[in-house]
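Below is one structure, written out as structure tokens; comments come after it.
The values are calculated or read from the model by the stated rules, or taken from the named source; none is laboratory data. Keep in mind that what you see is a predicted model, and the values were worked out from it rather than measured. Note that each Cβ is placed from the backbone with ideal geometry, even for glycine, and that neighbours are counted across all protein chains shown. What goes into the accessible areas is simple: the full protein's heavy atoms, side chains included, and nothing from ligands, DNA or RNA. Shrake-Rupley method; radii C 1.70, N 1.55, O 1.52, S 1.80 Å.
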Amino acid sequence: MPRKLHISSETTQADKDYVRKKMYVFNAAHFPAELKGRYQEVNLFVKNAQGEVLGGLLGEICWNWLEVHYLYVSDELRQSGYGTKLMREAERIAREKQCDFIKLDTLSFQALDFYRKLGFEVYGQLPNAGGYTHYYLKRDL
């Protein structure tokens, strides 16, 4: 007897955790033993004396790479070196954890030149992402 299933957009943290965990278990079955269990969030923040967040980097180490999901620096701190400091600290952590590369993505109005100056190379792009180009970048460590 077929089960009655449906697609739902209702979201709970438990639902998201379930999907992440199941995907992790599935992927882990395909990676070499020495890479299994290598997962760690990498979250770095720029804060003022009052503890207010003025920027940050959110990412994760997964098997042999670090993926940067978000890098943000507030307008008043842009061009002051904090983006580079966040990226350098993330790189230090990635090297310490024996990652082989860092990957990230950016849109053409965001930080393509910034990442290129840090040694990242474009390995893919999608045109017409909201009228912009979506770039995928990688840097070997």
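Tabulated data
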| read-out | value |
| --- | --- |
| Index of the failed condition, L71 passing every other in (1) part of a strand (DSSP E or B); (2) under 30 Å from F31 (Cβ atoms); (3) without any contact (Cβ under 8 Å) to a residue 40 or more places away in the chain; (4) open to solvent by less than 90 Å² (accessible area, probe 1.4 Å) | (3) |
| Positions within the stretch 122-134 being at negative phi and either surrounded by 12 or more Cβ atoms within 10 Å (Cβ to Cβ) or outside any strand (DSSP E or B) (or both), in sequence order | V122, Q125, L126, A129, Y132, T133, H134 |
| Residue in the stretch 47-56 that is within 25 Å of Q110 (Cα to Cα), touching a Ser or Thr at 6+ places or on another chain (Cβ under 6 Å) and not β-branched (V, I, T) present | yes |
| Number of positions in the stretch 74-97 that are surrounded by fewer than 14 Cβ atoms within 10 Å (Cβ to Cβ), in a helix (DSSP H, G or I) and modelled with pLDDT under 95 | 2 |
| Candidates L86, L71, L107, filtered to the one that is in contact with a Ser or Thr (Cβ under 8 Å, 6 or more places away or on another chain) and among the aliphatic types (A, V, I, L, M) | L107 |
| Extreme residue, most open to solvent (accessible area, probe 1.4 Å), among residues of the stretch 21-62 that are aromatic (F, W, Y) and modelled with pLDDT under 90 | F26 |
